[in-house]
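Notes follow once the structure below has been shown.
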Amino acid sequence: LIFGGIGVVVFVLMVKEVIRDRAMQQWPKVACTIQHTKIEPKQDGYAFEVSYRYKADGKTHVNTTYRTDYRESDHYADAEKLARRFPASSQQQCFVNPSNPDEAVLEVQSPAKMSAFLPLPLVFILIGGVFFYSVWFRRDRSSITAPSPTGPISERAVNSTGARIGILVFGIFFIVGASIMVFWTIPIERKMLASSHWRATRCKILSSRVRSHDSDDGTTYSVDILYTYKVNGASYTSDCYSFVGGSSSGSAGKVTVVQQYRTNRPATCYVNPDNPAEAVLKPGWSAEGLLPLIPAVFLLVGAGGLIGIYKYRRRKRSGENIWAIKRPGVETSIAAPHMMPIQKSITLKPAQTARVRFFGLLIFAIVWNGFIAIAYFVWRNSGSQLDICTGLFMTPFVAVGIGVVIGVIYSLLALMNPSAEIEVTPGQLTLGTQASVRWLINGRANRITKLTIRVEAREEATYQRGTRTTTDKNVFQIIAVTETSSPMQIARGEAKFQIAANTMHSFNAPHNKIIWSIKLAGEIPNWPDLMTEYALEVQPTEARS
Amino acid sequence: MSELKLEFENGNTHVHPGETIRGVASWKLDQHAALIDLRLFWYTEGKGTQDVTVINTITLDHPQQEQSYAFQFALPQSPYSFSGKLISLIWAIEMVVRPGKESARQTFTMSATGEEIELQTAISK
C-alpha cells in the first residue's frame, strides 16, 4: 500500500508539473536584455546565473530565472553552453506570466520531457496494486475447499489476468530498460570507445577537488576537475574527467586522482576532433564502463518474462499437455502412453546434485556474509561505537551467516561422498506396473553402513500467504524397495517394486503437483549421509481399447 | 435469470481416459447472447492456488434464445480425477453465455476405473 501510495503521490506531482509546463508554454513572449551572466561552482556542479531586464505592463522588471526547474548543471560544459547562448547585453525573448509580470523565464521546459518519465511511478503503482490485490482480495484462494458458486471457473483459464498483468509488468521493465540503454548506456559506451582515438591536447587545470555529496544514505564523493584548452585558437573549458560520472562512497581513490591534476598545472586532455567543445582526461574504455550496463538487467528481465509468457500461451493454444511432467528431450503429448516409444530402461538423474547444492550455498554464503562484512566496515569507518541496540540488531544476521557457513562446510563434506547411479526398468513407468531398480555406488561404497531405497509419491500445493509463497507437501505413498547393511548389496544391487494401479500418476500444474521420486539414503558414520532424490515419471494406466 | 442446463448422456458422470463424453446443453436466455461457449476443462481445489486448464471449447455463435445442443468432447489420457489431503482435481464441462458471465457447470470423474482416485497414505513393501 505504501509502495503504491508513493507511486500515486509521485505520479500526481509529475502530472501537475506537466500541466504547469503546458500552461507556461502559453505565456506571451517579451523582448528582454541580458544584463550579466556568470558560472558559479556549486556543491553538485556548476550553476549558470543570469540577470535580465524586460518591460511588461508599462514597467521595467528584472528577473534571474533561467528556467523554473534549473538549479545547476552537472558539468561545466553544460553551464558554459548556456552562458554562450545568453551572452551579456544580448537581446533575447523571455516568457512572462500574464497574471504576474514579475514572474518570467528565459526558457520553458518541454512537458514532453516530464511526460516521458510518467511510466516510472506507474511501475510503483502497478507493483503496489498487484501486491495489495493478491494479499487482500485473493487471500481466500489459498484456503478454498469449494469453488465459488458464482461465475464460471473456466473463465480463469480463458481470461488469464495473471498473463495480462505479467505482460504489463514485463513490458514496462522492457521499455524502461530499453529506454535507459538507448538514451544513456549506448551513448556513454560509444563515447568511451571513440575517445581512445581523440586528439591528445595540452590543457591547464583551473581547479581540482573531491566533491562530497551528502544524502540520507551517507556521504558520497566524486572527482571534480575543471580544465581549459585551446583548439584552433579558440578556448574551451571542460570538467569531464571520465564519461561515467556520478559519485560513490570512499574518497581515497578520488583523492589520488585529484592529486594527479593539481591546480594551475599543465595536463593532457583528449579532445573530440569532430566537436572541440568535448574533451576528457581519462579516455578509452575501462572497467567502470560496466556500470552503465546495469539497466540491461531490466531489459533482460522484461524480455525474458515476455518470451516466457509468449511461449506459455503458445503451448497452451497448441493444446500441448502442459500439466505433464517435462523431461529434457522428451516431448509431452496427449497421446496414449502405449502409443509412445517405450524405453527399455532409464538412468535417472538426481533432482539436485551435491555439487549444485554446494555451489548454491557457497554463492548465498558469499553474498550474505559479504553484505554483513560491508555493513561492518562502513560502521567501523564511521567511527561509531558498538552499542547494545546495534549488537542486538546484527545478531540474527550474523547467526544466519554462521549457519550458512556451517551449511557450506557440511555440503562440501557431502561432496566427497560416494555417488549413486540408479537405473529403472522399464524406462516408461505406468500405474500398476512392476518395475525394477538397479543401483551402483561409485567411490568408496564401504563407507556406507546402511542403504535404504524407497519410492515415494507426494502432493505439493503452492499458495500465497500474505506476501510469502508457501509450498505444503504430503507424502501419500511410500514403497520400500530395499534396506540393507550388507556391504556387497550396498555396492551394487537390484530390487523390484510395484506401483499401485489405483493411485495417481505424475502431475505438474503451476501450483499443484504430484511428484514421484526414488529416494536413496546411505548412512555414513561421523560424516554427512548420502541423501539423493531422483525424479520419477509415472504415466497414467494404458488406455482401454 | 436465464435457465442453463447441462446433461450427460445416460447421466454418466464416470468416464475413462480417451473416451468421448456426450451430452446435451440447453438454455432459455433472458437476453440475446452473442455466443455460448461449451468448455471441457479441469481445475484444482484445495490448499494450493487454483490451477485451471481448458482442454477444448465449442463456440456457438448467435445462439437462439431457447435452444438445445448435443455436444461431444474427446477426453485426453490425463490427468485423472483425484482427491488428496492437499489437492483435488476435478473435471467439468461448463457452459458460458457471453457477453456476461452466466454459466452452468457439470462435473464428472475421469480415471482408469472411472472413479475418483483417493490419495490415502499407504506404506508398502
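The values are calculated or read from the model by the stated rules, or taken from the named source; none is laboratory data. Here the structure is a predicted model, which means the values were calculated and not measured. When we count neighbours, we look across all protein chains shown, and the Cβ atoms used for this are built from the backbone with ideal geometry, even at glycine.
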Q) Assuming residue A:440 fulfils every condition listed in (1) more than 18 Å from residue A:519 (Cα to Cα); (2) in contact (Cβ under 8 Å) with a residue 40 or more places away in the chain; (3) out of contact with any Leu (no Cβ under 6 Å at 6 or more places or on another chain); (4) of a type in the set (A, V, I, L, M, F, W, C) apart from one, which condition is it? A) (1)
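From A:537, A:459, grab the single residue that is under 37 Å from the mean Cα position of the chain (by Cα), under 24 Å from residue A:344 (Cα atoms), modelled with pLDDT of 90 or more and within 14 Å of chain B (Cβ to nearest Cβ).
Values: A:459 fails: under 24 Å from residue A:344 (Cα atoms).
Answer to the check: A:537.
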**Q.** Count - residues of the range A:505-520 that are facing another protein chain (nearest Cβ under 8 Å) and out of contact with any Asp or Glu (no Cβ under 8 Å at 6 or more places or on another chain)
**A.** 2
Q) Across the range B:67-116, what is the number of residues that are of a type in the set (Val, Ile, Thr), buried (at least 23 other Cβ atoms within 10 Å of the Cβ) and under 29 Å from residue A:506 (Cβ atoms)? A) 2
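Is it true that residue A:244 is touching a residue at least 24 places away in the same chain (Cβ under 8 Å), buried (at least 16 other Cβ atoms within 10 Å of the Cβ), closer than 17 Å to residue A:75 by Cα and of a type in the set (A, V, I, L, M)?
Numbers: touching a residue at least 24 places away in the same chain (Cβ under 8 Å): yes; buried (at least 16 other Cβ atoms within 10 Å of the Cβ): yes; closer than 17 Å to residue A:75 by Cα: yes; of a type in the set (A, V, I, L, M): yes.
So residue A:244 passes the test.
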Q | Subset tally (residues that are in a strand (DSSP E or B), of a type outside the set (Phe, Trp, Tyr), crowded, with 20+ Cβ neighbours inside 10 Å and at the interface with chain A (Cβ under 7 Å from one of its Cβ atoms)) for the range B:38-51 | A | 3
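Would you please name the residue that is nearest to residue A:54 (Cα to Cα), looking only at residues in the range A:70-98 that are in contact with a Gly (Cβ under 9 Å, 6 or more places away or on another chain) and among the acidic types (Asp, Glu)?
Going through the qualifying residues, I end up with A:72.
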**Q.** Enumeration of residues in the range A:104-163 that are touching a Phe, Trp or Tyr at 6+ places or on another chain (Cβ under 6 Å), within 14 Å of another protein chain (Cβ to nearest Cβ) and either at pLDDT 75 or above or in a strand (DSSP E or B) (or both)
**A.** A:153, A:154
Q | Residue, nearest to residue B:108 (Cα to Cα), within the range B:15-37, restricted to residues that are out of contact with any Lys or Arg (no Cβ under 9 Å at 6 or more places or on another chain) and within 13 Å of another protein chain (Cβ to nearest Cβ) | A | B:15
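Could you please give the count of residues in the range A:338-365 that are buried (at least 16 other Cβ atoms within 10 Å of the Cβ) and at pLDDT 85 or above? Can you show your working first?
Step one: filter the range A:338-365 for residues buried (at least 16 other Cβ atoms within 10 Å of the Cβ), giving A:346, A:348, A:350, A:354, A:357-358, A:361-362, A:365.
Filter once more, so that each one left must be at pLDDT 85 or above: A:346, A:348, A:357-358, A:361-362, A:365.
Counting residues in the range A:338-365 that are buried (at least 16 other Cβ atoms within 10 Å of the Cβ) and at pLDDT 85 or above gives 7.
Run down A:497, A:476 and say which single residue is assigned to a strand (DSSP E or B), in contact with a Ser or Thr (Cβ under 7 Å, 6 or more places away or on another chain) and within 9 Å of chain B (Cβ to nearest Cβ).
On the way: A:497 fails: in contact with a Ser or Thr (Cβ under 7 Å, 6 or more places away or on another chain).
Sole residue among the options that is assigned to a strand (DSSP E or B), in contact with a Ser or Thr (Cβ under 7 Å, 6 or more places away or on another chain) and within 9 Å of chain B (Cβ to nearest Cβ): A:476.
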